[in-house]
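Undergrad: Got a structure for you, written out below as structure tokens; questions coming shortly.
Every number here is computed from the coordinates shown, using simple stated rules; none is lab data. Nothing here was measured: the structure is a model prediction, and the numbers come from that model. Reconstructed Cβ throughout: ideal geometry from the backbone, glycine too, with neighbour counts over all protein chains shown.
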Amino acid sequence: MKFLDRWIEQGSRDLAQRSSRRGLLKGLGGFLVGTASIPLLPVARASAAQGAGQPQEEGDPSSCDYWRYCAIDGFLCSCCGGSANTCPPGTEMSPVTWIGTCLNPADGRNYVISYNDCCGKSSCGACLCQRDEGDRPPYRPDKTNDINWCLGTTSAAYHCSTAIVVGVALEES
Amino acid sequence: MKFLDRWIEQGSRDLAQRSSRRGLLKGLGGFLVGTASIPLLPVARASAAQGAGQPQEEGDPSSCDYWRYCAIDGFLCSCCGGSANTCPPGTEMSPVTWIGTCLNPADGRNYVISYNDCCGKSSCGACLCQRDEGDRPPYRPDKTNDINWCLGTTSAAYHCSTAIVVGVALEES
Amino acid sequence: MTYPALTRRICAAAVLAVATAGAASAQTESRPPPLPIEPIGIVETLPQQYPESWFLLHDAAFFHMSDGKVIVVDTAQDTVAEQIQGTFNVSLIGNILQSSERGEIYATETFHSRGTRGERRDYLTIWDQKTLSPVGEVFLPGKKRFMGMPGREALLLLNKGKWLAVANFSPASSATIIDLDTREIISEVATPGCTFVYPTATRGFSALCADGRFLSTTLKADGSIDKQVRTASFFSSDDNPIFERPAVMGDRAWFPSIDGMVWPVDFSGAQAKVGEAWNLVPETERAEGWAPGGIGIIDEDDLGRFYVLMHPDAKDGSQNGGGSEVWVYDPKKKSRVLRIPLQEWGLSIAVSRGKQPKLLVTNPVTMAVELYDGQSGDYLKTLTGLGQETPLMLYGAK
Amino acid sequence: MTYPALTRRICAAAVLAVATAGAASAQTESRPPPLPIEPIGIVETLPQQYPESWFLLHDAAFFHMSDGKVIVVDTAQDTVAEQIQGTFNVSLIGNILQSSERGEIYATETFHSRGTRGERRDYLTIWDQKTLSPVGEVFLPGKKRFMGMPGREALLLLNKGKWLAVANFSPASSATIIDLDTREIISEVATPGCTFVYPTATRGFSALCADGRFLSTTLKADGSIDKQVRTASFFSSDDNPIFERPAVMGDRAWFPSIDGMVWPVDFSGAQAKVGEAWNLVPETERAEGWAPGGIGIIDEDDLGRFYVLMHPDAKDGSQNGGGSEVWVYDPKKKSRVLRIPLQEWGLSIAVSRGKQPKLLVTNPVTMAVELYDGQSGDYLKTLTGLGQETPLMLYGAK
């Protein structure tokens, strides 16, 4: 028990409280926003390596910084047995959801991303990611990630969120 | 326990991982055993102050070191809105349970302690305490704390454990 | 329940020991008498009225949502054992509302027949304040009760506390009106394009619309619609959205916007009246980019002031992330009266009732809650080890 | 589901954008073509047979027991995204057992109609290995399925994998026999004073008794009792208790005792045959007080060796607390063949199948799991951030 006493005397109590809750800090505390300081990794997508003649994207789909996740708030299905656009085994994808508009740095286009939730198992718990860009309160249902989108599914249990390309947004230039 | 000392010397990175999981370390990791190094606090029990003519006990019923908890493994009801021998509001006390034999240092007697669980709400989560003295595997039901004793209650949800004096054990001397 | 044979033997031995204990101690003159046998089965209760120092911590358990709970805490105490008064479960990110007049706490919950799968059933559970036991429930049909980050705007007491409105979102939006005397649903009011329930007149509620208006509904004595009217649009949910979370004092409310303004709203009549917005950030500090942010971002005290969780360097995406300070406002003067720097960071706040308000803040780094003095702004203490996972919403006890 | 009006508008705009995207990119010659529209609703599946590097982590969620789960993990991978293959929920500290022949995982679960309250119902849930979806369930009547710290001795495949035995404890003890072809209960066998289910003969099971014996039961083809016999008492549950957790290889098992001995048991016949105990601790190290301890304290590999979680300075109360080393034994030689010092501390262990066994250990300090080489004892890696709360039991995938 002595270690506890010393530990408290050391004044390290506060430090020690942080722990794996750091994950919560990132997600629920909202400090984590995609930054350019994190290098983008090559994505495992066959088409990405095939040059300008093929559609391109880059980045790590299991990283919160991945371009598609600009408006996300939840557990990344990529880390839960699914992928950026598929659900983990035994879950069900919600047919209704919120959408975001994210810039794909590999081709300079803005895409409409549909953040369909995977439902029917409890919180995946891995890779909590909160970016919230363009997020609006629930009175704007199309743009809100603050509600449980496991609607129209057989179970309301939220497991993780995907980020599916559903179209190119209107080009600015 | 030495590994813990070394671990602390290693620096605050590891320390930072410990967090409120400290509770788990104590309970599930089983390092916490009542030690005499922690001073016993006066218990809020009217009879305790009244000298040798009255029954006596001492210690802090919300501390894992409290004498009654010698065979306990679970959340202390004292920390959950109950006390050492009562259940928190809205729970139900299990009628069957395991028993331990604990030495009351205030009168030098061994008492039979009944660790009735309080049931019907999910894990209290506070003051996890695992001491396991005299604990036996579940094939010895009267002496096992490894099973969920929320049996014979309307709900099987385990909330916390009490430590009720049900008798004086046979005196050794 | 029957013990197996062996257990019976052990128990018999214990009882025998008790019977002989008196004799044993009589032989040991120097010893005090033995501790008495204690009764089994006693369950604690709480006071009829919760003291001012009590708070409700809604731990929605973001990692275990079907096992969320509310922890009733006395912040005046110094140890976990004294702080925790009791708990009750709230399944699948529900919402809660306390009626001290009725001595009840209402909670929307969702259950599945197999935990996270199987048939879904939604309920309003009615908890007794004194026993923390359920004293009733109302089945909520249609699998549509609002289920999202917990907040104060999904449940509303109206009609002098006799009725309860439950906001629905499927994503079609409506409100279910429940008679709390009979514990039955008396009506459902569609609120197309508008969400949540804010107090309006005596027997009505307003909802907040995607096109920047309020939809105000007044109800007849049987719960059916008397009148539904929309205000003019006063904000753009694309360009200068407001938070859905206001400070509410009687029939007045203040809605902060994501860009740091606040809109006063008069809910006393049958139609919400939106006043002129004023800036939450003093002019000299605007370059620092302060704005509200978090989950439970706002609360009010009994001294007529409201509290907002603020963060600097606001940008798109930071509006739900919490803040480093709580700013206190006098809405009559339209000015900030106190600035409370937090120990670390805050995600949600709540204020206690009474003449000496205390501010409780969820620290998302440690998931502990910190207590501050509402008048001096002084940090008072940290409450942790309460068995909490993610106390996403806090409420001063009523 | 219908979107509200506004949502429909937004979605229409998105579709319009897609339609014109081809034209837009044609005008921008230097750019690659846009990403294609992706299908919605795709759900992953797993291979029919789980690779040797896969483990099942049973996270009983000690702080949220109704929301326990199993995480299927590939320990050969280096990132969380690659490691996690999927999860399934197991409610209220259930137990699991995998049948790779049937491609199914069995889990005992308990549900209440209102989460933690209301009617209790127990089930055996049958999960498909490939889809991690439930493909069947068997209602377990009597509210008596064993519910305690998870382990491998509460469920047993027997009759060449056609039947499943479920240990009951109410605290009266019995076993329920389920036919896995029909997914129906075929019998219930009382095991008075004896608990758990260990393999015995082809169509039988043994239970471990409070008086230090085994009760062996063989069954008829219809599941009814053929014969029940008790061994002589070989230990005292007061003085030299054994753990209920053996290493099992075919019809042989090794039961460690709390004081550091191990009892070999031959389960090949209709009656368990207990051999002579030998000491797990080499003579020269006995002064250090080594003994087994933890939750999942023991496992075996396909090389005929078994692994025990050991701690020094053992005393009354330390038997469930875990250990600092894993010791590997050759039961034929009755000797330790490897000593694996853990990075920090271990609470439960499991070993993978195959010729190159890996050892996975729950670290109760961080609740991460650590991987070691089963032959060299080398530390290989730590897996964490898997969404786990308390991975109390581990299983090598079958």
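Undergrad: Which number comes out as Rg/Rh for segment B:67-168 once both Rg and the Kirkwood Rh are worked out on C-alpha atoms?
TA: 0.95
Undergrad: Considering the rotational relationship between chains C and D, which residue of chain C contributes the beta-carbon of minimal distance to the axis, and what is that distance to the nearest Å?
TA: That would be C:His64, 2.
Undergrad: Right, here's the next one. Distances from D:Met249 to the same position in the other copies: list them in nm, one decimal, shortest first, using label points 7 Å from Cα along Cα→Cβ.
TA: Inter-copy label distances (nm, one decimal, shortest first): 7.7.
Undergrad: Based on alpha-carbon centroids, what's the gap between segment D:208-227 and segment B:124-147 in Å, whole number please?
TA: Segment D:208-227 and segment B:124-147 have Cα centres separated by 27 Å.
Undergrad: How big is the Cα convex hull of segment D:313-398 in projection, averaged over all directions, in nm²?
TA: 6.7 nm²
Undergrad: Same structure again: Structure shown: which of B:Lys143/D:Lys273; D:Lys143/D:Lys398; B:Lys121/C:Lys358; A:Lys121/C:Lys143; C:Lys143/C:Lys315; B:Lys143/D:Lys144 lie over 24 Å apart, alpha-carbon to alpha-carbon?
TA: B:Lys143/D:Lys273; D:Lys143/D:Lys398; B:Lys121/C:Lys358; C:Lys143/C:Lys315
Undergrad: Here's something else I'd like to know. What trypsin sites (Lys or Arg not before Pro) in segment D:338-383 are in a loop by DSSP, with at most 11 other Cβ atoms within 10 Å of the Cβ?
TA: D:Lys355
Undergrad: Angle, helix D:5-26 long axis vs. longest principal axis of chain D, Cα atoms, 0 to 90°, nearest 10?
TA: On a 0 to 90 degree scale, this one is about 70.
Undergrad: Select from C:Thr366, C:His64, C:Phe235 the residue farthest towards the positive end of the dipole of chain C; place +1 on Cβ of Lys and Arg, -1 on Cβ of Asp and Glu, and compute about the Cα centre.
TA: The residue sitting most towards the positive pole is C:His64.
Undergrad: What aspartates and glutamates sit close enough to C:Lys355 to cross-link, taking a C-alpha to C-alpha distance under 14 Å and skipping anything fewer than 8 places away on the same chain?
TA: The reachable aspartates and glutamates, counting only those whose Cα sits under 14 Å from C:Lys355, are C:Glu52, C:Glu300, C:Asp301, C:Asp302, C:Asp373.
Undergrad: What's the FRET efficiency of C:Gln343 with D:Ser30 using the Cβ-Cβ distance as r and R₀ = 51 Å, to the nearest 0.05?
TA: 0.45
Undergrad: While we're looking at this one, here's another question. Averaged across C:99-107, how many Cβ atoms of other chains sit within 10 Å of each residue's Cβ atom?
TA: For this peptide, the per-residue mean of nearby foreign Cβ atoms is 0.
Undergrad: Please get the size of the charge dipole for segment A:67-168, origin at its Cα centre, with Cβ charges of +1 on Lys and Arg and -1 on Asp and Glu, quoted in debye to the nearest 20.
TA: That gives segment A:67-168 a dipole magnitude of about 80 debye.
Undergrad: Same structure again: Where a ≥ b ≥ c are the square roots of the eigenvalues of the C-alpha gyration tensor, would you call segment D:97-202 rounded, which needs a/c under 1.5, or, failing that, prolate if a/b is larger than b/c, or oblate?
TA: Oblate shape, in that a/c is at least 1.5 and b/c is the bigger or equal ratio.
Undergrad: Within 10 Å of each Cβ of D:71-84, how many other protein chain Cβ atoms are there on average?
TA: That works out to 4 on average.
Undergrad: So the label point sits 7 Å from Cα along the Cα-to-Cβ vector; using that for C:Arg286, what distances do you get to the other copies, in nanometres, sorted shortest first?
TA: 8.4
Undergrad: Now for a different question. Taking a label point 7 Å from Cα toward Cβ, how far is C:Asp313 from its twins in the other copies, in nm, shortest first?
TA: Here the equivalent label points are 4.6 nm apart from this one.
Undergrad: Placing +1 at every Lys and Arg Cβ and -1 at every Asp and Glu Cβ, with all other atoms neutral, what dipole size does the protein assembly as shown have around its Cα centre, in debye to the nearest 20?
TA: Dipole size: approximately 1420 debye.
Undergrad: Per 10 Å bin, what is the whole-percent P(r) computed from every C-alpha pair distance within chain D?
TA: In order of increasing distance, the bins hold 5, 21, 29, 23, 10, 5, 4, 3, 0 percent.
Undergrad: Using a Förster radius of 41 Å, what is the FRET efficiency between C:Ser236 and C:Val135 based on their Cβ-Cβ separation? Nearest 0.05, please.
TA: It comes to 0.35.
Undergrad: I need the semi-axes of the equivalent ellipsoid of the protein assembly as shown: take the C-alpha gyration tensor, multiply each eigenvalue by 5, square-root it, list largest first in whole angstrom.
TA: The three semi-axes for the protein assembly as shown are 50, 37, 27 Å.
Undergrad: Taking Cα centroids, how far is segment C:303-372 from segment D:60-123 in Å?
TA: For segment C:303-372 versus segment D:60-123, the Cα centre distance is 39 Å.
Undergrad: Then there is this: When you look at the Cβ of every residue in C:311-324, what mean number of other chain Cβ atoms sits within 10 Å?
TA: What the average comes to for C:311-324 is 5.
Undergrad: Further question: Considering the options C:Gln319, C:Leu140, C:Ile40, tell which one lies farthest towards the positive end of the dipole of chain C, charges being +1 on Lys and Arg and -1 on Asp and Glu at the Cβ, about the Cα centre.
TA: After comparing all options, I get C:Leu140.
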